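K.L.:
Submitted below is the structure of interest, expressed as structure tokens.
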Amino acid sequence: MATDLTRPSHAAPDWTVAQDWHSYSAEEHTVWDRLFARQAEMLPARVVPAFMEGLDMLRMTKPGIPDFDELNARLSDATGWQVVAVPGLVPDEIFFEHLANRRFVAGRFIRTPEQLDYLQEPDIFHDVFGHVPLLVHPVFADYMQAYGEGGLRAAKLGMIEALARLYWYTVEFGLIRDGSDLKLYGAGIVSSYGESVFALDDPSPNRIGFDIERVMRTRYRIDDYQQNYFVIDSFEDLLRQTRDTDFGPIYERLRDRDAIDVGDLLPSDRILHVGTQAYAKAGVRA
Ligand code: HBI
Ligand code: FE
């Protein structure tokens, strides 16, 4: 969660800044093109089809860092969403307020060539390539707004950590069924070459059917590939489990129950794949 942050003087009260697209250097555009080419080559067989449709619809195949004005002309026509530039991580309530108003906040900076494979804070490639294409999908667009509204309510109830976990295991690192296959949709995965392979192919992580209460109890790690991936049946089902749910009783139960450690499995889990590291943890040979 993002809490103790200081608003930079050049940012507006809602933490937005100008993207100032003309100030990007040729080197910065080249970093975007290298990251884009690597993902565009390997994702079509792995990512939910709606993601590729969004990339295409937003003309993101155009070389260079996208200009938010051009992006927003198409995005707002599609689902009323727009991308706004921010300096980097913003406080939780600012984040939720933007999402609740169909504004996706994107860091305007891009990683350096040395950081190609990993950086701690979301940059414009993570935010725009990872998160924005699915905002073209009407149901996912509704989910993201419902998430923002839920976050504002949760903030008043001291339940931001539960919402952060829901965001982490869906919007950032979610998997989705596509017929008998599993496909990627989480932005943290699709913007990472290594994790786009790991999340589907590697035997070590658990892959568990999505259950909102289980997810809200589950800890996550921010510094490595995930040890748990949660699988939704569809964006419609994800929206139904969030927008149409009274969270009061869930929050009451969450207050009384311990968090679930990363990598732990529960007897109640709908298990699609038991990760090899789970065996190691339970002392059972794979
Ligand atoms: N700020 N720019 C930005 N991007 C995020 O993804 C983000 C954030 N602030 C808070 C946050 N995510 C998470 O703590 C949410 O779960 C609240
Ligand atoms: Fe993100």
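The values are calculated or read from the model by the stated rules, or taken from the named source; none is laboratory data. A quick note: this is a predicted structure, and the numbers were derived from the prediction, not measured. Cβ placement follows ideal geometry from the backbone for every residue including glycine, while neighbour counts extend to all protein chains displayed.
K.L.:
Of 113, 122, which residue is at pLDDT below 95 and touching a strand residue (DSSP E or B) at 6+ places or on another chain (Cβ under 9 Å)? Let's see the steps before the verdict.
P.N.:
Details: 113 fails: touching a strand residue (DSSP E or B) at 6+ places or on another chain (Cβ under 9 Å).
After ruling out the rest, the residue left standing is 122.
K.L.:
Select from segment 109-149 the residues that are in contact with a Gly (Cβ under 8 Å, 6 or more places away or on another chain) and within 13 Å of ligand 1 (Cβ to nearest atom) and list them in ascending order.
P.N.:
Passing the criteria: 109, 121, 122, 123, 124, 126, 127, 130, 132.
K.L.:
What single numbered condition from (1) among the hydroxyl-bearing types (Ser, Thr, Tyr); (2) exposed (fewer than 12 other Cβ atoms within 10 Å of the Cβ); (3) part of a helix (DSSP H, G or I) fails to hold for residue 76?
P.N.:
Every listed condition holds for residue 76 apart from (2).
K.L.:
Any idea which of 93, 114 is away from ligand 2 (no atom under 12 Å from the Cβ), out of contact with any Phe, Trp or Tyr (no Cβ under 6 Å at 6 or more places or on another chain), over 22 Å from residue 31 (Cα atoms) and not basic (Lys, Arg)?
P.N.:
Values: 114 fails: over 22 Å from residue 31 (Cα atoms).
The match here is 93.
K.L.:
Can you say whether residue 89 is modelled with pLDDT under 95, within 10 Å of ligand 1 (Cβ to nearest atom), closer than 18 Å to residue 163 by Cα and not charged (D, E, K, R), as far as the supplied structure shows?
P.N.:
Yes: the conditions hold for residue 89.
K.L.:
A further question on this structure: Looking at 44, 49, 87 in this structure, which one is touching a helix residue (DSSP H, G or I) at 6+ places or on another chain (Cβ under 9 Å) and not small (Gly, Ala, Ser)?
P.N.:
It is 44.
K.L.:
Tally the residues that are more than 21 Å from the chain's Cα centre (by Cα) and either of a type in the set (Phe, Trp, Tyr) or modelled with pLDDT of 95 or more (or both), restricting the search to segment 221-251.
P.N.:
Residues flagged as more than 21 Å from the chain's Cα centre (by Cα) and either of a type in the set (Phe, Trp, Tyr) or modelled with pLDDT of 95 or more (or both) within segment 221-251 amount to 2.
K.L.:
Filter segment 215-229 for residues that are touching a strand residue (DSSP E or B) at 6+ places or on another chain (Cβ under 6 Å) and farther than 18 Å from residue 203 by Cα and give the result.
P.N.:
Correct list: 215, 217, 218.
K.L.:
Exactly one of these conditions fails for residue 196: (1) away from ligand 1 (no atom under 16 Å from the Cβ); (2) within 17 Å of residue 147 (Cβ to Cβ). Give me its number.
P.N.:
So the condition that residue 196 fails would be (2).
K.L.:
Count, please, the residues in segment 160-182 that happen to be away from ligand 2 (no atom under 12 Å from the Cβ) and either crowded, with 20+ Cβ neighbours inside 10 Å or in a helix (DSSP H, G or I) (or both).
P.N.:
Looking only at that region, the number is 9.
K.L.:
Of all residues in segment 171-190, count the ones that are under 21 Å from residue 146 (Cα atoms) and within 16 Å of ligand 1 (Cβ to nearest atom).
P.N.:
Adding up the residues that qualify gives 8.
K.L.:
Of all residues in segment 62-73 being closer than 17 Å to residue 26 by Cα and not aliphatic (A, V, I, L, M), which is surrounded by the most Cβ atoms within 10 Å (Cβ to Cβ)?
P.N.:
Among residues in segment 62-73 that are closer than 17 Å to residue 26 by Cα and not aliphatic (A, V, I, L, M), the one surrounded by the most Cβ atoms within 10 Å (Cβ to Cβ) is 66.
K.L.:
Another one. Could you please give the count of residues in segment 197-245 that are more than 19 Å from residue 48 (Cβ to Cβ) and in contact with a His (Cβ under 7 Å, 6 or more places away or on another chain)?
P.N.:
1
K.L.:
Do we find that residue 106 is near ligand 1 (Cβ under 9 Å from one of its atoms) and of a type in the set (A, V, I, L, M) in this structure?
P.N.:
yes
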